[in-house]
1. So which residues in segment 132-164 are under 24 Å from Val70 (Cα atoms) and among the aliphatic types (A, V, I, L, M), if there are any at all?
2. For segment 96-117, state whether one or more residues are closer than 26 Å to Tyr74 by Cα, part of a helix (DSSP H, G or I), open to solvent by less than 50 Å² (accessible area, probe 1.4 Å) and at pLDDT below 85.
3. Which condition does Lys125 not pass, out of (1) under 15 Å from the mean Cα position of the chain (by Cα); (2) more than 24 Å from Glu156 (Cβ to Cβ); (3) exposed (fewer than 12 other Cβ atoms within 10 Å of the Cβ), if it passes all the others?
4. Under 7 Å between Cβ atoms, at least 6 apart or on separate chains: pull out the pairs that start in segment 71-97 with a residue that is more than 28 Å from Phe124 (Cα to Cα) and end on any residue that is surrounded by fewer than 12 Cβ atoms within 10 Å (Cβ to Cβ) and among the polar types (S, T, N, Q).
5. Kindly indicate whether Ala140 is out of contact with any Cys (no Cβ under 8 Å at 6 or more places or on another chain), open to solvent by less than 70 Å² (accessible area, probe 1.4 Å) and of a type outside the set (D, E, K, R).
6. Before we move on, is Asp145 within 15 Å of Gln93 (Cβ to Cβ) and either within 23 Å of the chain's Cα centre (by Cα) or surrounded by 12 or more Cβ atoms within 10 Å (Cβ to Cβ) (or both)?
7. Would you be able to say whether some residue in segment 153-172 is within 30 Å of Ala51 (Cβ to Cβ), part of a helix (DSSP H, G or I) and at pLDDT 85 or above?
Amino acid sequence: EEATHQTTTTMDQIEAQLKKIRTKLDDVPAFQKAEDVTKVPKEYIALGGGALVLFILFFGVGAGALCNIVGFVYPAFKSFEAIETQARGDDTQWLIYWVVYAFFSIIEVFVDFLLYWIPFYYPFKAAFLIWCMAPQTRGAKFLYDSFLKDFLKQNESRIDAAMDSAAKNASVIASEAVAAGADLTAAGVLAAADMSKKDDTDKKDE
């Protein structure tokens, strides 16, 4: 009887937690639509989706792409909403997030060969990005105010000079590529014209 009572208590606790999750999901129309289509309770859809995401992050191929989606899609949508509203506070919040995201991405490019050896890097990265973007934590603002703002201000002139140099080099490379493409096209046209004249001459000789 004691074992049966304990099992019943555990099931009651699970049911209570599922009800809490369902109540929270009532504010998300997408889960309600998914429930209507699949006939599967939305709390199970959410738990299954969460388990799948965790599985991909820990073991699956494509964890890097999933992390990029986590760090990009939701912030991009919230940035769109911020642009379309009159309030300025959310604009600043998401601008700060994108500065931190860009800074983090640049660092990641240069140390990518080391990240391969860090166990469970992608779950940590996903958790870090969620911490940065979540309105409850505002991790991006914390990082920006803590050190990134001072770092960027101290190196602003160097960054501007580097950007100007990169833009000039890109312009030169683009001009050279266009010129090379034009020369190649002209050479091709001339070669085709010569071949056509040669064919006409051969036909006349016959």
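The values are calculated or read from the model by the stated rules, or taken from the named source; none is laboratory data. Every value quoted in this text rests on a predicted model; they were computed, and no experiment measured them. Using ideal geometry, Cβ is built from the backbone for each residue, glycine included, and neighbour counts are taken over all protein chains shown. These area figures cover heavy atoms from the full protein model, side chains too; ligands, DNA and RNA do not enter into them. Shrake-Rupley method; radii C 1.70, N 1.55, O 1.52, S 1.80 Å.
1. Matches in segment 132-164: Met133, Ala134, Ala140, Leu143, Leu148.
2. Yes: one or more hits.
3. Status for Lys125: all satisfied but (3).
4. Pairs found: none.
5. On the way: out of contact with any Cys (no Cβ under 8 Å at 6 or more places or on another chain): no; open to solvent by less than 70 Å² (accessible area, probe 1.4 Å): yes; of a type outside the set (D, E, K, R): yes.
Answer is no for this residue.
6. Numbers: within 15 Å of Gln93 (Cβ to Cβ): yes; either within 23 Å of the chain's Cα centre (by Cα) or surrounded by 12 or more Cβ atoms within 10 Å (Cβ to Cβ) (or both): yes.
For Asp145, the condition - within 15 Å of Gln93 (Cβ to Cβ) and either within 23 Å of the chain's Cα centre (by Cα) or surrounded by 12 or more Cβ atoms within 10 Å (Cβ to Cβ) (or both) - is met.
7. Let us first name the residues in segment 153-172 that are within 30 Å of Ala51 (Cβ to Cβ), namely none.
Within segment 153-172, not a single residue is within 30 Å of Ala51 (Cβ to Cβ), part of a helix (DSSP H, G or I) and at pLDDT 85 or above.
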